[in-house]
Structure formats: C-alpha cells, structure tokens
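To keep things clear, I will list the structure first and then write my remarks on it.
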Amino acid sequence: MNRSKRKFLNSFCSLAIALAVAASVHAQSAPLSANIPFNFKVGDTTFSSGKYTIETLSNGTALVIRSDDRKASAITLANQAAGPATQRSSRLVFRTYGSQYFLSTVEWSGGPYREVPPSKTEIELAKRVPDPKRLEVAVK
C-alpha cells in the first residue's frame, strides 16, 4: 500500500473512532428526571425528597445528581453495571435499610447501567441489616 493510501486510511479510521466515541458519550449523557418521594443519600450527601436530574460525566464514569431548584447536588463515581437486555424504561434503584435510602443504580432504557459504590455509612448499615430492600423509581 502506498503512503498516501495509508495516510488516508489512518485519517479515516481516526475519524470513525472519534465519531463512535462522540455518539457513545452523547447516548450516555441524556439526562434523566425523577420525582423522588423520600430523603436519600448518594455517597455522603443527603438529599431531601423532590425532583432531581441525573446525568453522566466523563464517558459515564461519574454521575451528577442535581435538584431541580439547583440547591442540592453531588458528583459520584459510578461503575458500569449489567442490566436486562430488554429493559424498556429508565429507572433509579435504591437500597433501603429501614428508613434510610441509598442510590444504588441508575438505569437508562436500553443502557447504560451505572452502579453507585456504597458509602461508608451504607457499608456499616449493611453489616447490621444484611438483606436491604430494593426500591425502584421510574424516571422520564
């Protein structure tokens, strides 16, 4: 293969990869809105019940949780999680220990699925309540 064809192929491949990454980032960053009817925690941040928006940052490795009135917000790392292949609706999943709720997973319809690592407080509660309940909240 001559030099100009190789240069063209390299440029074409670089452009194709850049477009694929951009499409992936765009798909993952579609914000979700939810009305959460209870107080909950994300990491060490406590949120009051109300309307919230959740979106991804850094190609999905971080989540931003923000109240609609913008008075409360948090950024947390999030791990990729497996989800059902046929999920048709987006949702937030919480682990509950008595009356305490912790954001566990954010699931976009058809993916991606992001899991929030448990905080120290949640880990301590899990030692006393080994089988937390799972609560799902539908989102728009």
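The values are calculated or read from the model by the stated rules, or taken from the named source; none is laboratory data. All values derive from a computational prediction rather than experimental measurement. Please note: Cβ atoms are built from the backbone with ideal geometry, for glycine as well, and neighbour counts cover all protein chains shown. Areas reflect the complete protein model, heavy atoms only, side chains present, ligands, DNA and RNA absent. Shrake-Rupley method; radii C 1.70, N 1.55, O 1.52, S 1.80 Å.
Residue pairs whose Cβ atoms lie under 6 Å apart, separated by 6 or more positions or on different chains, with the first residue in region 44-64 and open to solvent by 50 Å² or more (accessible area, probe 1.4 Å) and the second among the acidic types (Asp, Glu) and in a loop (DSSP other than H, G, I, E, B), are Lys51/Asp68. When region 68-90 is limited to residues that are surrounded by 17 or more Cβ atoms within 10 Å (Cβ to Cβ) and among the polar types (S, T, N, Q), the one that is nearest to Pro117 (Cα to Cα) turns out to be Thr76. When region 34-56 is filtered for residues that are within 11 Å of Leu92 (Cβ to Cβ) and over 12 Å from the mean Cα position of the chain (by Cα), the ones remaining, listed by number, are Ala34, Asn35, Ile36, Phe40, Tyr52.
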